[in-house]
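Asker: Next up is a structure, given as structure tokens.
Computed from the coordinates by the stated procedures, all read-outs in this text should not be read as laboratory data. Predicted model only: the values in this text are computed from it and were never measured. All Cβ positions, glycine included, derive from the backbone under ideal geometry; neighbour counts span all protein chains shown.
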Amino acid sequence: MKAPRLAGDLAAEQRAFLGRNRSRWEEHLARARTFLGEGLRVADPRAPVLVLGAGSGLEVPWRLAPPSTVGWDADPWSRIRTLLRHGRLVPWMFLDLTGGLADLTDLAWRTARQPWSGRLRANRAAWRRLAGLVDTLEPRCATLRAWSREHRPGTILAANVMGQFGVVARRLVERCFAGLQLWDQDPEDPDPLDQALHAWTARAVRAFLGALLECAADLWLVHDRAVIFGDAPVTLGPMTEPWMAQLRADGPLEAADPLAGVDVLRECAGRALAAHQRWIWPVAPGQIHVMEAIRVQPPAGRILES
Ligand SMILES: C[S@@+](CC[C@H](N)C(=O)[O-])C[C@H]1O[C@@H](n2cnc3c(N)ncnc32)[C@H](O)[C@@H]1O
């Protein structure tokens, strides 16, 4: 048996995602496509355009993308699915955007096995030991940084990928432990690995935003701001910060923060905020996502600076 790999995990997840009942997705898809489409429409065609988390192009209106546009998604089927959906064979990067998932998976795989026999020791002691080790990992988005330094993109779309980093990390770790659910569910005694992965996710999201902000590019970011579990109706009040204060519901809500506490607006504080929206996406029964779209522009005159 081999350690799980990101490509296989994302391919399986994307198949499941596309196989879902999409009957309540229209508003989300319309809003995401309008927002990302505007990013593509106003992009300067003289500079490369990057679409991160491009997937199969469900949310990305590729017909508006300048010829200089490059897709980036580690799912090995994403480019071909984009071709099938949009009739366009786009230059593509198939690498992990965080740059840290291979290290995390290798560490989890080794920790979950006896070094001499390779036999699984999927127990709480190994689980807890991994928590301490994860704290030493630093996802740096090195490939994304290197690519951007070399190609100098003028526009970058982050198409609903940032909220995936933590979910994917968690899934890969679980698979290293043969899918055993060793999470400690007691809220009085928080699971140390849960906390370590939360902190890893925060480091990955910050590194990702840092890599984007390092570029003199117009940034169009769409991401899950929150995931709400349960069937209670939820609406959004007027835009306010923090995002929790915008939620309207009759009773208490069970909400998860896929960005692990990172405040995207605060991270982007040095830039001009040109657009900011939130909306509700009913992804599946019992699962509602609060989506956020943010456009931040580079300081005037920097878009094509060399
Ligand atoms: C919610 S889907 C986005 C769908 C896509 N925007 C579309 O229009 O179809 C998230 C995408 O991010 C990709 N992804 C998740 N984590 C990634 C990572 N660490 N590096 C690269 N791609 C990743 C997945 O393969 C998936 O296609």
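Asker: Looking only at residues in the stretch 130-179 that are polar (S, T, N, Q) and without any contact (Cβ under 8 Å) to a residue 60 or more places away in the chain, which one is surrounded by the fewest Cβ atoms within 10 Å (Cβ to Cβ)?
Answerer: Of everything passing the filter in the stretch 130-179, THR136 is surrounded by the fewest Cβ atoms within 10 Å (Cβ to Cβ).
Asker: A further question follows. Suppose we keep only residues that are touching a Phe, Trp or Tyr at 6+ places or on another chain (Cβ under 6 Å) and near the ligand (Cβ under 7 Å from one of its atoms) within the stretch 58-100. Which one would you say is nearest to THR201 (Cα to Cα)?
Answerer: Only one residue fits best here, namely THR98.
Asker: Sticking with this one: So, ARG22, is that one more than 11 Å from the ligand (Cβ to nearest atom) and either more than 30 Å from ASP106 (Cβ to Cβ) or of a type outside the set (A, V, I, L, M, F, W, C) (or both) or not?
Answerer: Working: more than 11 Å from the ligand (Cβ to nearest atom): yes; either more than 30 Å from ASP106 (Cβ to Cβ) or of a type outside the set (A, V, I, L, M, F, W, C) (or both): yes.
The answer is yes for ARG22.
Asker: Quick check: is even one residue across the stretch 79-87 of a type in the set (S, T, N, Q), over 18 Å from the mean Cα position of the chain (by Cα) and surrounded by fewer than 20 Cβ atoms within 10 Å (Cβ to Cβ)? Reasoning before the result, please.
Answerer: Filtering the stretch 79-87 down to residues of a type in the set (S, T, N, Q) leaves 82.
If we keep only those that are over 18 Å from the mean Cα position of the chain (by Cα) too, we end up with 82.
Then keep just the ones that are surrounded by fewer than 20 Cβ atoms within 10 Å (Cβ to Cβ); that gives none.
No.
Asker: Could you identify the single residue in LEU107, LEU40 that is under 23 Å from the mean Cα position of the chain (by Cα), touching a residue at least 12 places away in the same chain (Cβ under 8 Å) and buried (at least 20 other Cβ atoms within 10 Å of the Cβ)?
Answerer: On the way: LEU107 fails: buried (at least 20 other Cβ atoms within 10 Å of the Cβ).
Sole residue among the options that is under 23 Å from the mean Cα position of the chain (by Cα), touching a residue at least 12 places away in the same chain (Cβ under 8 Å) and buried (at least 20 other Cβ atoms within 10 Å of the Cβ): LEU40.
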